[in-house]
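The values are calculated or read from the model by the stated rules, or taken from the named source; none is laboratory data. Quick caveat, the model's predicted, so the values are computed rather than measured. Positions of Cβ are backbone-derived with ideal geometry, glycine not excepted, and every protein chain shown enters the neighbour counts.
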């Protein structure tokens, strides 16, 4: 119904424009006739009326209509016999033909130039709108912020009070949605039946769902429906193909922003989970450090070369920082329970390790001897 009203308005405006300009050209033609100007000047005035009609109306049809009206008016008012469509002089037929052809060509060129100008303006506006939307979406930190930015941009570009209904991680619509109330104000409205909207979107067979108040365009993510962009029905019914194309581009930008936010949240959640489940692998005491995952030992920032047995011994101490480990416990852990209680090999291994990590092995800084008991790695 709205499309019909708009079309009727365009037809009325086109007819009115063509009629007024031809009448104006006729009046100027009468003035030229009184001033005894050549008829060629009158023809030029009529051609000008055709050009102006093409300039101020949409499409070629009105320029052609103005051409027909101008030719008839020139014949009726400025050729013998006056006030009829008859022609006494056959040469006027050639004049009419040239006038009509010239008018049609100039009308077509004018309409084409107008369309190209309008297309360039639309492309510029679309590029500006998409740039504004994507640049602001990049800074959004929540789904509500993304919805608010999208609603504000779409409302401004489409000249309507757009809305956005977000969905949860399972694709179920939320119970409230954001709508643009004015140029600087947005409101939240309740959703009467989220399940019904979900059902309609899941069973959608077209690009949008036509509701009683809104036309809903789904916002599809990589895994699920992220929400719907809502355009008021009276505005959605008169959207041009170009506007629908721009709307789809803005919806895609919104979907990408929502997907990006979802991925970031998942990565953060997985990182927290990994950190919570992962045991500590790097230990440091003073300038001495060990990385149990990489099997690396460093002293004052420089890697140390240690043997596998030396590494195992040092790792045992780092796992028990500050604790006194008995000699027998160390032997069992390093050499195995069946090794016995011979401490000679352990003392030799300890001496080799101290030479690598201590500045003065006789006065150890890191691994201290607890006489009669065992050894201890300092905790400071």
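Residue-by-condition table, conditions (1) assigned by TED's automatic domain parsing to the domain that holds residue 364; (2) exposed (fewer than 11 other Cβ atoms within 10 Å of the Cβ); (3) under 30 Å from residue 141 (Cβ atoms); (4) modelled with pLDDT of 90 or more:
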site: 262; (1), (2), (3), (4): no, no, yes, no
site: 267; (1), (2), (3), (4): no, yes, yes, no
site: 270; (1), (2), (3), (4): no, yes, yes, no
site: 288; (1), (2), (3), (4): yes, no, no, yes
site: 292; (1), (2), (3), (4): yes, no, no, no
site: 298; (1), (2), (3), (4): yes, no, no, yes
site: 301; (1), (2), (3), (4): yes, yes, no, no
site: 308; (1), (2), (3), (4): yes, yes, no, no
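Residues being closer than 30 Å to residue 118 by Cβ and either in contact with a helix residue (DSSP H, G or I) (Cβ under 9 Å, 6 or more places away or on another chain) or surrounded by 18 or more Cβ atoms within 10 Å (Cβ to Cβ) (or both) are entirely absent from region 77-93. The criterion of at least 3 residues that are closer than 21 Å to residue 282 by Cβ is met by the following helices (runs of 4 or more DSSP H) wholly inside region 300-380: 308-318, 344-357. On the stretch given as region 164-174, residues that are more than 21 Å from the chain's Cα centre (by Cα) and surrounded by 13 or more Cβ atoms within 10 Å (Cβ to Cβ) total 2. Tell me, please, whether a residue that is farther than 19 Å from residue 151 by Cβ, touching a residue at least 60 places away in the same chain (Cβ under 8 Å) and surrounded by 13 or more Cβ atoms within 10 Å (Cβ to Cβ) can be found in region 212-234. Checked against the condition, which is being farther than 19 Å from residue 151 by Cβ, touching a residue at least 60 places away in the same chain (Cβ under 8 Å) and surrounded by 13 or more Cβ atoms within 10 Å (Cβ to Cβ), region 212-234 yields no hits at all. For region 360-380, filtered to residues that are loosely packed, with under 10 Cβ neighbours inside 10 Å and out of contact with any strand residue (DSSP E or B) (no Cβ under 8 Å at 6 or more places or on another chain), the residue that is nearest to residue 302 (Cα to Cα) is 360.
Against the numbered list (1) within 28 Å of residue 264 (Cα to Cα); (2) loosely packed, with under 12 Cβ neighbours inside 10 Å, residue 182 comes up short only at (1).
Of all the residues in region 330-352, those that are over 60 Å from the mean Cα position of the chain (by Cα) and crowded, with 16+ Cβ neighbours inside 10 Å number 6. Taking the conditions exactly as written (within 17 Å of residue 233 (Cα to Cα) and either modelled with pLDDT under 90 or not in a loop (DSSP other than H, G, I, E, B) (or both)), does residue 181 satisfy them or not? It is true that residue 181 is within 17 Å of residue 233 (Cα to Cα) and either modelled with pLDDT under 90 or not in a loop (DSSP other than H, G, I, E, B) (or both).
Does residue 162 satisfy the criteria of being in contact with a helix residue (DSSP H, G or I) (Cβ under 6 Å, 6 or more places away or on another chain), at pLDDT below 90 and assigned by TED's automatic domain parsing to the domain that holds residue 242? Show your work before the answer.
On the way: in contact with a helix residue (DSSP H, G or I) (Cβ under 6 Å, 6 or more places away or on another chain): yes; at pLDDT below 90: no; assigned by TED's automatic domain parsing to the domain that holds residue 242: yes.
No, not satisfied.
Confirm whether residue 56 is in contact with a helix residue (DSSP H, G or I) (Cβ under 7 Å, 6 or more places away or on another chain), closer than 30 Å to residue 247 by Cα and surrounded by 12 or more Cβ atoms within 10 Å (Cβ to Cβ). Taking the combined requirement at face value, the residue satisfies it. I'm checking my understanding of the structure. Among residues of region 1-22 that are in contact with a helix residue (DSSP H, G or I) (Cβ under 8 Å, 6 or more places away or on another chain) and modelled with pLDDT of 80 or more, which one is surrounded by the most Cβ atoms within 10 Å (Cβ to Cβ)? In this case the residue turns out to be 18. With respect to being within 34 Å of the chain's Cα centre (by Cα), surrounded by 15 or more Cβ atoms within 10 Å (Cβ to Cβ) and either without any contact (Cβ under 8 Å) to a residue 40 or more places away in the chain or closer than 30 Å to residue 246 by Cα (or both), residue 140 fits the description.
Residue pairs whose Cβ atoms lie under 6 Å apart, sitting 6 or more positions apart in sequence or on different chains, and linking a residue in region 75-99 that is over 17 Å from residue 43 (Cα atoms) to a partner that is loosely packed, with under 10 Cβ neighbours inside 10 Å, do not occur here.
Checked against the criterion of being free of Cβ contacts under 8 Å to residues at least 40 places away in the same chain, outside any strand (DSSP E or B) and surrounded by 12 or more Cβ atoms within 10 Å (Cβ to Cβ), the candidates 200, 205 yield just one match: 200.
No other residue among 156, 122 is farther than 24 Å from residue 44 by Cβ, outside the structural domain of residue 42 (by TED's automatic domain parsing) and touching a helix residue (DSSP H, G or I) at 6+ places or on another chain (Cβ under 7 Å) apart from 122.
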